[in-house]
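Asker: Please see the structure below; I have some questions.
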Amino acid sequence: MQYRKNIRNNEDLSLMGFGCMRFPSKGLGIDEGRSIQMIRDAVKLGINYFDTAYVYYNGNSETILGKALSAGLRKNVNIATKLPHYLVRREKDIERMFATQLKRLQTDYIDYYLIHSLSDISGWKRLVDLGITEWIIEKKKQGIIKNIGFSFHGTSEKFVELIDCYDWDFVQIQYNYLDINNQAGKQGLEYAYKKGLPVIIMEPLRGGKLVNEISSMCKELINKNNFQEAELGLAWVFNHPEVTVVLSGMSDEKQLSDNCKYTDLYQANSLSSEDLELVEKIRSIITKDIKVPCTGCRYCMPCPSSVDIPGCFTAYNEKYIMKGNRGIPDYLKSIGAFTGYAGNAGKCINCGKCKPNCPQSIDIPEELNQVKKEMEGPIFKIAVFALKFLLKRKSNSN
């Protein structure tokens, strides 16, 4: 197993981290026995970073991880879990949820604690008003929380704002060879690294989409160049020296074995120019069906109506470039359903202020109108209402 230094505290972390969100299934639920054994096998293979969250599998992810590590393994690994800030309404919610997590995980401390899915600074400021900074200071003083960070699904601009607003110990972002300009992207990765923060990578294979949902042409090209689909995707992320840990949600034993093997094959800056050209070819094939040639440069921002223009186009393009992905989940996640602001295309008032600033000469208002037509139908409106209602209901019941 390859290890990389946490540049903040000099701790050795396994390059491959175990993401506890895609356990083996059994019927309609989790195969608990296999999941526990896979976690224990992962420790034997050298993995020392396990990532879970309060809401994964309705809490069962933390419970299973706690059971797996209770057999004398806890001291050998780092547990990362997350506070669902979107369920926090009162100061006491923070402590109550954290206590529940410690109980589920059968531990008295958390190595890497994250604010789950922060998308903008308003979400953090709300927690600050509830007293979270004092709470963090006290927990770190007691040694109950070792490192504090956040996971992120917003834009690179908002990511930079969040990094600069607090003295974080680490960050977690989505990054893969398709998301160079999406979400935090390459800009966010490099900014965090320059700030001296370890960067934990999630979705290196886009939840398996870069393995299962790419075209046969892409698969043939990858295999012809002596790579497996997952191997190439992971190797590309491993190639970045700014990356500390790469999380993989492994759902069977072969994935665990293969992924650990890949960490021994690929170091930082180890891919050849031919390998990198291959990735560029694959990216070009996948993205040839994009509808809007937006590069995420954000020259069109800020929008007077608070439309997240690059975010809208990213989700819209996603509808077309990956098999089986209709883009609506990404649109919901980044444009209003889980954030403190609404940045959906329907807010555009056709003022035209963005058009002169676009290097790609995109007719932004016209394209946003098309996004609205295709992405904001009855299903979108019902989904936004239902999600916000359920989150509010769940928060009030806790």
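The values are calculated or read from the model by the stated rules, or taken from the named source; none is laboratory data. All values derive from a computational prediction rather than experimental measurement. Because the Cβ atoms are built from the backbone with ideal geometry, glycine has one as well, and the counts that use them run over all protein chains shown.
Asker: State which residue is nearest to GLU318 (Cα to Cα) when the search covers only the stretch 168-200 and only residues that are modelled with pLDDT of 90 or more, in contact with a helix residue (DSSP H, G or I) (Cβ under 8 Å, 6 or more places away or on another chain) and among the aliphatic types (A, V, I, L, M).
Answerer: ILE173
Asker: I'd like to verify a number: residues in the stretch 56-73 that are within 23 Å of PHE170 (Cβ to Cβ) and not in a helix (DSSP H, G or I), how many?
Answerer: The qualifying residues number 1.
Asker: Here is a follow-up. If you check LYS281 against the conditions, is it farther than 30 Å from ASN78 by Cα, touching a residue at least 60 places away in the same chain (Cβ under 8 Å), out of contact with any His (no Cβ under 7 Å at 6 or more places or on another chain) and not small (Gly, Ala, Ser)?
Answerer: The answer is yes for LYS281.
Asker: Going by the structure shown, is LEU368 in a helix (DSSP H, G or I) and at pLDDT below 75?
Answerer: In short, no.
Asker: If we keep just the residues of the stretch 107-135 that are modelled with pLDDT under 90 and of a type outside the set (A, V, I, L, M, F, W, C), which is surrounded by the fewest Cβ atoms within 10 Å (Cβ to Cβ)?
Answerer: Top of the filtered list is SER122.
A quick yes/no check of all residues on (1) within 30 Å of ILE364 (Cβ to Cβ); (2) at pLDDT 95 or above; (3) of a type in the set (A, V, I, L, M, F, W, C):
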residue	(1), (2), (3)
ARG206	yes, no, no
LYS219	no, no, no
MET250	no, no, yes
LEU256	no, yes, yes
LEU271	no, yes, yes
ASP275	no, yes, no
SER284	yes, no, no
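Asker: Quick check: anything in the stretch 231-244 in a helix (DSSP H, G or I), assigned by TED's automatic domain parsing to the domain that holds PHE18 and surrounded by fewer than 18 Cβ atoms within 10 Å (Cβ to Cβ)?
Answerer: No, the stretch 231-244 contains no residue that is in a helix (DSSP H, G or I), assigned by TED's automatic domain parsing to the domain that holds PHE18 and surrounded by fewer than 18 Cβ atoms within 10 Å (Cβ to Cβ).
Asker: So PRO198 clears everything in (1) over 20 Å from PHE18 (Cα atoms); (2) touching a residue at least 60 places away in the same chain (Cβ under 8 Å); (3) not aromatic (Phe, Trp, Tyr) except one condition, right? Which one?
Answerer: Exception for PRO198: condition (1).
The rows are residues; the columns are (1) in the same structural domain as LYS140 (by TED's automatic domain parsing); (2) surrounded by 23 or more Cβ atoms within 10 Å (Cβ to Cβ); (3) under 18 Å from LEU256 (Cβ atoms).
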residue	(1), (2), (3)
GLY19	yes, yes, yes
ARG34	yes, no, yes
GLN37	yes, no, yes
SER61	yes, yes, yes
LEU65	yes, yes, yes
LEU73	yes, no, yes
LYS82	yes, yes, no
LEU105	yes, yes, no
